[in-house]
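The values are calculated or read from the model by the stated rules, or taken from the named source; none is laboratory data. Note that the structure is a prediction, hence the values are computed from the model and not measured. Reconstructed Cβ throughout: ideal geometry from the backbone, glycine too, with neighbour counts over all protein chains shown. Please note that ligands, DNA and RNA were not included when accessible areas were found on the heavy atoms of the full protein model with its side chains. Shrake-Rupley method; radii C 1.70, N 1.55, O 1.52, S 1.80 Å.
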Amino acid sequence: MNCPHAAAGAVRTYPFGDRVDLALDPAYAELRKTEPVVRVRMPYGGEAWLLTRHADVKKASADPRLSMHAGADRDVPRAAPRALDSVGLMGMPPADHARLRRLVSRAFTARRVAELRPRIAEITHGLIDGLVADGGPADLVQRLALPLPTAVICEMLGIPHDDRHIFRAFTEALMSASRHTEEEVAAAAEEYADYLRGYVAKRRERPENDLLSALIEAQDEGEQLSGDELLMLVGGMLIGGHETTAGQLAGQIALLLGGDRARWEELCARPALVPSAVEELLRIVPLWSSVGPSRVATEDVEIGGVTIRAGEAVVYSLASANRDEDVFEDPDSLVLDRAANPHLAFGQGPHFCLGAPLARAELQCAIEALTTRLPALRLAVPQEDLAWHEGMLVRGLVELPVTW
């Protein structure tokens, strides 16, 4: 691997360091100061432009001339072995992407999530009831972080919770950077698609008051939603609705309980801080193991004083943008009551995460319940002994052993 501290203007090799935990490679801080738009050699597909500053990432995210669709199904410079799929929501042409987002966006509005919040809290407390009844130590990944968002998204879509093993297997394969072979990913995808086709057919015959039935009704009433698009939307919501939130929740709790417990104790004493604390935790706990999907310039674009030529690839680090010292005072510190927090954890622009209101509600309910009911919660192993998943696109703990 090339040294990340090469002279300014040199092509650097990305990734700078293989990070799967809560840490962020210090090369990002250096680049924000010295070369915020830098040429990097990606693990696959050649060279790309890497953006590290908040302003540049925000601008690039909203610029339609930097297109995910233009790079779909191509050997573009990228961090993951597989190219972005043009039939997936992110890789679709802009008009189709906007059309499909409109169909599902009403299910994830702040108002709709507020209506769901009592049920989210009920599921959360039920899981904690089981945790308390069984006693510690316990694995908080399997007892709360994973089952909470899984139960919520299954209920929203009308998917039986007992079938979660099918989409869990597909999620783990799809979110793999290097852990699974292409054959394993394809096999998991086919099993998943077969399951969804069968379940959609059942729901079409016997609709209920859930999101899947609403999407089927929209399709049947001529909303220009193909069968493959329906499967893709449902699959994307199932995966996006639990995997990233589970990883974030486990990482956030690990950060609060690790080392200095003062922040955990402050939340226990001041529950009104939970909403702002969750925003700060979203800012500081990295989601992606590296960078997100590549974008390709459809025409010349100027960003950060650098001209990106048509056809060139752009990648950026949301985690680096969220540590930008020009935007956040003391950016590497966790400030639970940070007043202004324009973090980019959910992205920006047309690909802003549809499930952001739902994820916020789940994170807030979980942390509020834990700090209220289990103020003595602590790690059951040293923080440095926590095991993190290797070879995945997003960061996540293998387990989070806790006691109280």
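Going by average Cβ neighbours within 10 Å, how do the peptides 144-154, 73-83 rank, with the highest at the top?
The packing order, highest mean first, is 144-154, 73-83.
With label points built 7 Å along Cα→Cβ from the Cα atoms of Arg119 and Asp73, find their separation and express it in nm.
Between Arg119 and Asp73, the simple spin-label model gives 3.7 nm.
May I ask you to derive the FRET efficiency for Arg206 and Ala10 from their Cβ-Cβ distance with R0 = 51 Å, giving the value to the nearest 0.05?
That pair, Arg206 with Ala10, gives E of 0.25.
At Arg65 and Arg41, where each label point lies 7 Å from the Cα along Cα→Cβ, what is the point-to-point distance in nanometres?
About 2.9 nm separates the two model spin labels.
Please state the shape class of the chain: rounded when a/c is under 1.5, otherwise prolate if a/b exceeds b/c and oblate if not, all from the C-alpha gyration tensor.
Because a/c hits 1.5 or more and a/b fails to exceed b/c, the chain counts as oblate.
With a 1.4 Å probe and every protein chain left in place, work out the accessible area per residue of the chain in Å², rounded to a whole number.
Value for the chain: 43 Å² per residue.
If packing is taken as the average number of other Cβ atoms within 10 Å across a peptide's residues, how do 131-137, 255-261 rank, most packed first?
My ranking of the peptides, most packed first, is 255-261, 131-137.
Rounded, prolate or oblate: which fits the stretch 250-404, taking a ≥ b ≥ c as square roots of the Cα gyration tensor eigenvalues, rounded meaning a/c under 1.5, else prolate when a/b beats b/c?
Judged from the Cα gyration tensor, the stretch 250-404 comes out prolate (a/c at least 1.5, a/b above b/c).
Leaving out ligands, DNA and RNA but keeping every protein chain, what accessible area does Glu243 have, in Å² rounded to the nearest 10, with a 1.4 Å probe?
Probe radius 1.4 Å; accessible area of Glu243 about 30 Å².
Keeping every protein chain in place, order Glu182, Glu205, Glu390 by accessible area at 1.4 Å, biggest value first, i.e. largest first.
Descending order: Glu205, Glu390, Glu182.
Glu302: accessible area at probe 1.4 Å, nearest 10 Å²?
Result for Glu302: roughly 80 Å² accessible.
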